[in-house]
1. Among Asp143, Asp235, rank each residue by its count of other Cβ atoms within 10 Å, from fewest to most, as a rough exposure measure.
2. Only bridges whose two residues both fall in the chain count here: according to DSSP, what percent of them are antiparallel, nearest 5?
3. So if the hydrodynamic radius of segment 224-311 is defined as the Kirkwood radius over C-alpha pairs, what does Stokes-Einstein give as its diffusion coefficient at 10 °C and 1.306 mPa s, in µm² per second?
4. Per q in 0.12, 0.13, 0.15 1/Å, what log10 I(q)/I(0) does a Debye calculation on the alpha-carbon atoms of the chain return?
5. Under 28 Å from the Cα of Lys60, which lysines turn up, not counting those fewer than eight places away in the same chain?
6. For segment 97-110, take each phi angle, set θ = phi - 60°, evaluate the Karplus expression 6.51 cos²θ - 1.76 cosθ + 1.60, and give the result in whole Hz per residue in order, putting x for glycine and proline.
7. For the chain, what is the calculated [θ] at 222 nm in deg cm²/dmol (nearest 500), taking -39500 (n - 2.57) for each run of four or more DSSP H residues and dividing by its residue count?
Amino acid sequence: MLLDAKTAPLVAIVTPVYNGAEFLAETMESVQAQTYPNLVHIVLDNASTDATPEIIARFKAGRVPLVTARNPTLLSMDQNWNAALALIPGEAKYFRILCADDVIFPETTLRMVALAESDPAIAVVTTALLRNDQEEDFRWPRDRTVFDGVEALRRYFTIQGTIEARQALMRTRDLASAAPFFDLNVGHSSDIDAVLRLLAPGRLGFLHEPLGMVREHEGNASSAEMRPTHAHFNDWLITLRRHAPRAFDASAYAKLERRYWRFYLRRLLRWRFVHGNRRAWDLHMQLLAKQNNRPSLIDYADAALDLVFEKFGLRQGWYAYPA
């Protein structure tokens, strides 16, 4: 599909940033280098204390228009992301989050919008990408670029198709699907939670060529907050329970959920009693209690017995993310 300056719908690229001086310039340069003809770049500074404001100022005369704002006080990550969405112009048809340490390639927006425009039922377009310069296998069948939303959910939860929410183009009409758009109660998974919420009634568009790079480094949230405490294990439980029932029948979902629950409990025991990670144990106990889901001794015994059944090949163990 040919898109020129007169026919191309407006796309808002949204970059919430906090102390992003190390990589922000490269991120903003990648937006300025887009071949797509109708863009606006929204950058919300979350009360940064480094050189972030000066870096943002350098791009105010760029080819791609820049909309900027600064929070007077520090917000949580999800609060900042939701505040950034509020800056999207009303005439924009599409939007995406571009984190302040990630980059997109020159043809990224053009390719993603072209796919979205080919089918009005497509709610989310995402692509393969590089992670720290390394290409990954996203597992989607290469002979297709459009997937029914329920099929996409099923593939996602059985690791037959990976979705990187940081590389997701969505329609602004769907900003009203939830208030706030990024849920404040799903740990570090508010981005994928939003994507999965949009898929069940819609379709997924997936481009198999890597069209961006995400960074995993010591300064980002996944490294600084999630990894020491394995918080993503609880995030996955929330995501699984919230979205998987729309992709499986009751029996299949119950088996999937129970398989993960047993695996999760065994990991909890390992972190506490093998690795001595009391910080992780305490966090997960707090999270599970808050979710009215604190495990009992019977739950732990069941999880331990399940491992015996797995060893003898009598039950299938957990085989997917997180491992």
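1. Asp143, Asp235
2. Approximately 35 percent, going by the DSSP bridge assignments.
3. Rounded, D is 115 µm²/s.
4. Normalising to I(0) and taking log10 leaves -0.87, -1.01, -1.29.
5. Within reach: Lys6, Lys93.
6. Values, residue by residue: 8, 10, 5, 6, 10, 10, 9, 10, 8, x, 8, 4, 5, 4 Hz.
7. Helix-only estimate at 222 nm: -10500 deg cm²/dmol.
Computed from the coordinates by the stated procedures, all read-outs in this text should not be read as laboratory data. Here the structure is a predicted model, which means the values were calculated and not measured. Glycine gets a Cβ as well: all are built from the backbone with ideal geometry, and neighbour counts include every protein chain shown.
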